[in-house]
1. With each pseudo-label sitting 7 Å past Cα toward Cβ, what's the residue 158-residue 126 distance in nm, one decimal?
2. What is the distance in Å between the Cα centres of the range 116-179 and the range 33-109?
3. Efficiency by 1/(1 + (r/R0)^6): what FRET value for residue 32 and residue 104, r their Cβ-Cβ distance, R0 = 35 Å, to the nearest 0.05?
4. With each run of n ≥ 4 DSSP H residues scored as -39500 (n - 2.57), what mean residue ellipticity at 222 nm is computed for the chain after dividing by its residue count and rounding to the nearest 500 deg cm²/dmol?
5. Apply the Debye scattering formula to the chain, with a single equal point scatterer on each alpha-carbon and no solvent, then give log10 I(q)/I(0) at q = 0.10, 0.11 Å⁻¹.
């Protein structure tokens, strides 16, 4: 869980947006070829796949796509072990270890980060989600896509026109000054 929290903290620090409705991302120091996209909490992962696949954009990272498992709480270690066999979950120093048992409901919550979501990885996740009978949660969802360097600003504007998109941003660098 600490890794997931660290990811979201770093995403917030690195972001250069001033508000969710702005597409005027004018930071001068950003990762060329990266565009961050907020997805409506009511949109499914399949909706995101459809949008980005239709635009022929590579999905590099996804977060906020949470799921609830119907299995008993004592299944959590086996579920985590199984999810960690997925190369798009157990990657870049992250794993399915962010999954947990909700303290109020007792339900297993699956909260992985997804990396390198190629068509094959998308199909595998959809199949995995169905076979495990996972139910999608309602949370803010974020996607990092890859675009041709130099086209970031045009993608920011274009993507805002899609009904599942809530915001777009450049992947800005921020100078962190230690106290």
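1. 2.3 nm
2. 12 Å
3. 0.20
4. -8500 deg cm²/dmol
5. For the chain, the Cα-only Debye profile gives -0.40, -0.49.
Each reported figure results from applying straightforward, stated rules to the coordinates on display, with no laboratory input. Small disclaimer: the values here were computed from a predicted structure and weren't measured. Glycine gets a Cβ as well: all are built from the backbone with ideal geometry, and neighbour counts include every protein chain shown.
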